[in-house]
1. Looking only at residues that are in contact (Cβ under 8 Å) with a residue 24 or more places away in the chain and basic (Lys, Arg) in segment 59-89, which one is surrounded by the fewest Cβ atoms within 10 Å (Cβ to Cβ)?
2. Of all the residues that make up segment 1-47, how many are within 21 Å of ALA117 (Cα to Cα) and touching a Phe, Trp or Tyr at 6+ places or on another chain (Cβ under 8 Å)?
3. Go through segment 1-119 and tell me which helices (runs of 4 or more DSSP H), entirely inside it, have 1 or more residues that are under 14 Å from the mean Cα position of the chain (by Cα) and modelled with pLDDT under 95.
4. Among residues belonging to segment 120-148 that are β-branched (Val, Ile, Thr) and in a helix (DSSP H, G or I), point out the one that is modelled with the lowest pLDDT.
5. In segment 11-36, what count of residues is obtained for those that are without any contact (Cβ under 8 Å) to a residue 60 or more places away in the chain and farther than 17 Å from LEU47 by Cβ?
Amino acid sequence: MNAIELEQRLLADHRRLEQLCLQLEAAFAANAREDTQLLWSELERSLEVHFRIEERALFPRYAHFDATETRALSSEHRLLREQLAELGAGIDLKVVRSSAVANFFAMLRAHAAREDAALYRWACETVPDEAANIAAALRGTATPAAGSGEERRDHPQLVEEERAEAVARPVE
């Protein structure tokens, strides 16, 4: 995998998350509570995997390049996780306002744009040896552990954890 393909994979994951946000916005507008809950659960899982991949595969190396920006991105991840959890609780209780969700999505979009402009550009120029691992994690096709093939299909959480772990190895 070359730098262009890595950049396409990283940006594609942001686009996938954006599509999920758009679906959630539509579900909120339609007052489709069941759809909203299902989509929100999917967003929570997807964002956690996405954040873990970035934090384990990219942030440690990026910190050597720009420690200040890495700290800022990490701080944004913490804030986004907190807000995601708070909003999720509100959705479960059916008390969250669509304006609060819209504000969260605006923060998430600004964060993604920041990563696209700095972190992803740097990654594509600097991390070619890890490109295949990062791309595999993003598309959810990390090589399965020996002896665990079939049972993973029945356990989506294991697949997501494996996705995040696929790039967790430190890069020397």
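The values are calculated or read from the model by the stated rules, or taken from the named source; none is laboratory data. Keep in mind that this is a model prediction, so the values were computed, not measured. Methodologically, a virtual Cβ is constructed for each residue, glycine included, from the backbone with ideal geometry; neighbour enumeration extends over all protein chains shown.
1. Selected residue: ARG81.
2. Qualifying residue count, segment 1-47: 4.
3. Those helices (runs of 4 or more DSSP H) span 3-29, 33-53, 59-65.
4. This residue is ILE134.
5. Residues flagged as without any contact (Cβ under 8 Å) to a residue 60 or more places away in the chain and farther than 17 Å from LEU47 by Cβ within segment 11-36 amount to 6.
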